[in-house]
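This report refers to the structure that appears directly beneath it.
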Amino acid sequence: MAQPGTPGVLREPWGDEALAKFYKSFHKHGSQNWEQVANDVETKSAEACEALWRQHQTFLGLPAQPQLEVAFTAMVKDYYNNHKDEAMEGEDGVSSKPGAPPSTS
């Protein structure tokens, strides 16, 4: 079972199709059947599905709607991209990405 804050979601990005399958399956099966959600997604483990839910459970608590499915996909991809960018920064605050400004943190 994944723990809160588990970075498993960030190991491999979630594609649009996997996120759509996750969203629909989660709203069908809920947060008590991660094996079934993972089976429906087909490309992610039950642990990765649970970790995704833990990171976005407030949003996923909203009723299922097509517009919210699109918003969920965009939110997760944005979250992944922001964390991927942070992971590429060195400890000295200098990004390893060409042309990226230095960190202000």
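Applying the selection to region 42-68, what residues are surrounded by 14 or more Cβ atoms within 10 Å (Cβ to Cβ), of a type in the set (S, T, N, Q) and under 16 Å from TYR80 (Cβ atoms)? Residue satisfying the conditions is GLN55 alone. The residues of region 1-20 that are open to solvent by less than 60 Å² (accessible area, probe 1.4 Å) and at pLDDT 90 or above, listed by number, are TRP14, GLY15, ALA18, LEU19, ALA20.
Applying a threshold of 9 Å to beta carbon distances and a minimum spacing of six or more residues, or different chains, the list of pairs starting in region 34-47 at a residue that is free of Cβ contacts under 8 Å to residues at least 12 places away in the same chain and ending at one that is surrounded by fewer than 17 Cβ atoms within 10 Å (Cβ to Cβ) reads GLN36/LYS28; GLN36/HIS29; ALA38/SER45; ALA38/GLU47.
Entry remark, region 69-105: residues being at pLDDT 60 or above, among the hydroxyl-bearing types (Ser, Thr, Tyr) and open to solvent by 50 Å² or more (accessible area, probe 1.4 Å) number 1 in total.
Taking residues in region 59-75 that are in a helix (DSSP H, G or I), and partners anywhere that are open to solvent by 60 Å² or more (accessible area, probe 1.4 Å) and among the acidic types (Asp, Glu), the pairs with Cβ atoms closer than 7 Å and at least 6 places apart or on different chains are THR73/ASP16.
The values are calculated or read from the model by the stated rules, or taken from the named source; none is laboratory data. The structure presented is a predicted model; accordingly, all values stated were derived computationally and were not measured. So basically every Cβ, Gly included, is an ideal-geometry build from the backbone, and we count neighbours across all protein chains shown. Heavy atoms of the whole protein, side chains included, go into the accessibility calculation; ligands, DNA and RNA do not. Shrake-Rupley method; radii C 1.70, N 1.55, O 1.52, S 1.80 Å.
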